[in-house]
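Student: Here it is, the structure in full.
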Amino acid sequence: MNKGWLLVREQLRKKPIRFLPGIVFNLVGTLFLFLTFCVGLREFLPRIDDIGITEIVFPGIIAAISVIVAYAVAVFDSGRFVQDRQLVDQVGIAGLLPSEIYLGKTIEYWLAGMTHAILSGIFVLVFTGFAIPFSSILSLWLFTAVGLVLVTQIGLILGACVADSKIHVLTISCLLMPLMLMSGFLVPMHSLHGAFWSVFAYFPTALIVDGARSLAVYGDFDYLSLIYLVILDGAAIWICRHFYVRKLVR
Amino acid sequence: MEASITLKNISKHFDKKYALSNLTLGVEKGSVFAVTGRSGAGKSTLLRVLSTMMTPDEGLLFINEKECPGNEAEVKRSIGYLPDHDIHDPWLTGWENLQQTARLLEIPEDEFERRAKLLIADYQLEDVIHECPVVYSKGKKRILDIIQVLLNDPEILILDEPFQGLDYYATNVLNNYLISQYGKKTIVIASHEFSVIQTFADRWIVLHQGKIRFDGTLEKMASQVDVPFIGYILFKQPNGEFLESIKGIEGITEIRNRQNTVEIVADGFDGFSQIMKKIDFDTVISIGCNAVRIDEFINQLLSDEGF
């Protein structure tokens, strides 16, 4: 028998519960993608006509790139760092406390995302021939900076607690990508139906993109969204720090 | 003597299974403390707890009279901990790994270079230090980890299987270093290389299923163990004349002739000293003996306790 098949068989022998996250992510991802491009459930009507102005796309591009980079770096690096004990122990023997490691890693991942936000902001400025005011890009970076804290926390804790890198990839392809598309990145949030709008408007990715867009494009400072995002950041830091530190001292 | 490390009723369990169960002990400052036991006895867990890398579920841990958890930030700087697995980034070069550790330890650059170069020269790691550890042999990876731990010249050394994978040269260098640090540093060492560590360890514990089954000196171990004394004489060539001459000596229970080596099982030193009188030293390459068979002692101890 081909040895490759034996490998496949060993994978299939795993407990059915291990396949569950994959199925859930696929379901959620497909639903989000569907709702991004279609008006609503059971209504297979494209919503592309709803886009009225072209400027709305640029905050989405910057936010999407930075969020995906920050999350991907966090989830993969955290997975490698914590699951493969040699790296975390190397830092540990150098006298760093688990809480210090947590802080260092959070900053590292946040910086990775923020660097990409700054870079793509500059590139968008260049590509548009400096048609966008620099103040718009600055306001976008403000929302991105706050939102990335939450994104890095989710990536950091998922990488630290879930050893399977397949799950890490799944969260990016089937959850984060659709969430970004669902955030108003392509389609303005207000073009969604009432019920969807009221739910998805409170998703962190939507808050980053829509909040940033309000300020950057329309000049409206959405204080409430920013406060809500800061509260989410605080809650995420509190929970993730607790579990991350516990994971390191086990 | 002042205690460097004190454990009071320390317990640690994983999924309801106790890795350490209610351990209480003190390690004196400047002493060498050997932790032995079979695989899975709890040695590595104990050393991880002592290094403050792992928090116990119950009990108190004091390092230099400072309670942990609570004072790790202060305590960690005085501890050099070498786990039983690798502690380097395989995709950084050996030198970059050392540099990273030194920066985290806040060792000044010039001081780091001086210490690192000295240690690298001692362990003869110069030829691969600027390559990534993925291409290192197992022994060289271990040497790199040892150098990382010694970079800070810590006051307390906690070493988990430090000789694992080392060649004879590196084993000698480390052994000599540990002997030179006797009385200066507190050393806690877990190793199966009994013949090496018995030369400098002054207190031993035997762990089994997370509990201390023996705590004492080598002398106490020797007095408790009922295993024979074994002496080895390596001749330049097979020596039948000598074998004939030692037959019938009192206290000798068995003579094993193995090519150039004669292995003598005796009741104690007295029997072996009678043998020594019969040896023509011109025909001998080396003479050795194993006064305390620590492995035998552990086996006997555990079997006496019904394991």
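The values are calculated or read from the model by the stated rules, or taken from the named source; none is laboratory data. Here the structure is a predicted model, which means the values were calculated and not measured. Glycine also receives a Cβ, built like all others from the backbone with ideal geometry; neighbour counts cover every protein chain displayed. All accessible areas refer to the heavy atoms of the entire protein, side chains included, with ligands and DNA or RNA removed. Shrake-Rupley method; radii C 1.70, N 1.55, O 1.52, S 1.80 Å.
Student: Calculate, axis by axis, the spread of Cα positions in region B:90-246 along the three principal axes, and write the results as whole Å, longest axis first.
Tutor: Each principal axis gives a Cα extent; for region B:90-246 these are 64, 43, 29 Å.
Student: Let me ask something additional. Can you work out the FRET efficiency for the pair B:Tyr18 and A:Arg246, with r the C-beta to C-beta distance and R0 = 22 Å, to the nearest 0.05? Before the final figure, lay out each step's value.
Tutor: Details: r = 19 Å, r/R0 = 0.87.
For R0 = 22 Å, the calculated efficiency reads 0.70.
Student: Quick one: what do you get for the protein assembly as shown if you divide its Cα Rg by 2.2 N^0.38 Å?
Tutor: 1.32
Student: With all distinct Cα pairs included, what does the Kirkwood hydrodynamic radius of chain B come out to in Å, to one decimal, could you say? Can you show the working numbers first?
Tutor: Details: mean 1/r = 0.0462 Å⁻¹.
Kirkwood hydrodynamic radius for chain B: 21.7 Å.
Student: Longer than 32 Å from Cα to Cα, which of A:Lys166/B:Lys43; B:Lys76/B:Lys138; B:Lys12/B:Lys138; B:Lys185/B:Lys211; A:Lys166/B:Lys141; B:Lys17/B:Lys185 are they? Say none if no pair is. Provide the component values of the computation, followed by the final result.
Tutor: Details: A:Lys166/B:Lys43 34 Å; B:Lys76/B:Lys138 27 Å; B:Lys12/B:Lys138 30 Å; B:Lys185/B:Lys211 26 Å; A:Lys166/B:Lys141 29 Å; B:Lys17/B:Lys185 34 Å.
Pairs exceeding 32 Å: A:Lys166/B:Lys43; B:Lys17/B:Lys185.
Student: Which net charge results when you count Lys and Arg as +1 and Asp and Glu as -1 among the other residues whose beta-carbon is under 14 Å from that of A:Asp77? Show your work: numbers first, answer last.
Tutor: Numbers: positive: A:Arg80, A:Lys105; negative: A:Asp84, A:Glu108, B:Asp89.
Overall, the nearby charge balance is -1.
Student: Please list, by residue number, every one of the trypsin sites (Lys or Arg not before Pro) in region B:178-275 that is coil in DSSP and has at most 16 other beta-carbon atoms within 10 Å.
Tutor: On the way: sites: B:Lys184, B:Lys185, B:Arg203, B:Lys211, B:Arg213, B:Lys220, B:Lys236, B:Lys247, B:Arg256, B:Arg258; in loops: B:Lys184, B:Lys236, B:Lys247.
Those satisfying the criteria are B:Lys184, B:Lys236, B:Lys247.
Student: Where does region B:25-66 land on Rg/Rh, using Cα atoms and the Kirkwood Rh?
Tutor: Working: Rg = 11.2 Å, Rh = 11.7 Å.
The Rg/Rh ratio comes out at 0.96.
Student: Which value in deg cm²/dmol, rounded to the nearest 500, describes the helix-derived mean residue ellipticity at 222 nm for chain B, given -39,500 (n - 2.57) per DSSP H run of n ≥ 4 and division by the residue count?
Tutor: When only DSSP H runs of four or more count, the value is -9000 deg cm²/dmol.
Student: Counting only protein chains, not ligands or nucleic acids, how are A:Trp141, A:Trp197 ordered by accessible area (probe 1.4 Å), most first?
Tutor: Numbers: A:Trp141 35, A:Trp197 95 Å².
Sorted descending by solvent-accessible area, the residues read A:Trp197, A:Trp141.
Student: On each of the three principal axes of the Cα atoms of region A:190-249, give max minus min coordinate, whole Å, ordered largest first.
Tutor: Projected onto its principal axes, the Cα set of region A:190-249 covers 47, 26, 14 Å.
Student: I want the local charge near B:Leu60. Using Cβ-Cβ distances under 10 Å, sum +1 for each Lys or Arg and -1 for each Asp or Glu among the other residues.
Tutor: Numbers: positive: B:Lys8; negative: B:Glu58, B:Glu67.
Charge balance in the 10 Å sphere: -1.
Student: So what are the three principal axis dimensions of region B:18-152 from its Cα atoms, in whole Å, longest to shortest?
Tutor: 47, 33, 26
Student: Let's test the formula: R0 of 60 Å, r as the Cβ-Cβ distance of B:Asp267 and B:Asp57. What FRET efficiency results, to the nearest 0.05?
Tutor: It comes out at approximately 0.80.
Student: Can you check what the net charge comes to around A:Leu158, using other residues whose Cβ is under 12 Å from the Cβ of A:Leu158 (Lys, Arg +1; Asp, Glu -1)?
Tutor: On the way: positive: A:Lys247; negative: A:Asp77, A:Asp164.
Computed value for this residue: -1.
Student: Using a 1.4 angstrom probe on the protein heavy atoms only, could you order B:Leu119, A:Leu119 from most to least accessible area?
Tutor: Working: B:Leu119 20, A:Leu119 75 Å².
Putting B:Leu119, A:Leu119 in descending order of accessible area: A:Leu119, B:Leu119.
Student: Another question, then. Counting only protein chains, not ligands or nucleic acids, how are B:Met53, A:Met177 ordered by accessible area (probe 1.4 Å), most first? Numbers along the way, then the final one.
Tutor: Numbers: B:Met53 20, A:Met177 85 Å².
I get A:Met177, B:Met53, largest accessible area first.
Student: Moving on. GluC sites (Glu not before Pro), restricted to region B:37-83: which are DSSP loop and have at most 12 other Cβ atoms within 10 Å? Write down the numbers at each step before the final one.
Tutor: Values: sites: B:Glu58, B:Glu65, B:Glu67, B:Glu72, B:Glu74; in loops: B:Glu65.
Answer by residue number: B:Glu65.
Student: To continue, here is another question. Which whole-Hz ³J(HN,Hα) couplings does region A:202-211 yield from phi under the Karplus relation 6.51 cos²θ - 1.76 cosθ + 1.60, θ = phi - 60°, glycine and proline marked x?
Tutor: Computed from phi, the couplings for region A:202-211 are 9, 6, x, 5, 5, 5, 5, 5, 6, x Hz.
Student: Above 16 Å lies some portion of the pair distances; for region B:239-302, what is it as a whole percent of all C-alpha pairs?
Tutor: Values: 1009 of 2016 pairs.
Result for the distance tail: 50 percent.
Student: How high is the FRET efficiency between A:Ser173 and A:Arg80 when r is their beta carbon distance and R₀ equals 22 Å, given to the nearest 0.05? It would help to have the intermediate numbers written out before the result.
Tutor: Values: r = 19 Å, r/R0 = 0.86.
My answer for the efficiency is 0.70.
Student: Between B:Phe307 and B:Leu118, what length in nm is gained on full extension when 0.36 nm per residue of separation is reduced by their alpha carbon distance?
Tutor: Working: separation 189, 0.36 × 189 = 68.04 nm, distance 4.66 nm.
The span from B:Phe307 to B:Leu118 would gain 63.4 nm if fully extended.
Student: Give me the Å³ per residue figure for the convex hull around the C-alpha atoms of region A:107-158. Intermediate values should be presented prior to the final figure.
Tutor: On the way: hull volume 3.1 nm³, N = 52.
Spread over its residues, the Cα hull of region A:107-158 gives 60 Å³ apiece.
Student: Going through region B:196-278, which GluC sites (Glu not before Pro) have at most 13 other Cβ atoms within 10 Å and a DSSP loop state?
Tutor: Working: sites: B:Glu219, B:Glu241, B:Glu244, B:Glu250, B:Glu254, B:Glu263; in loops: B:Glu250.
In loop regions of region B:196-278 (DSSP not H, G, I, E or B), the sparsely surrounded GluC sites (Glu not before Pro) are B:Glu250.
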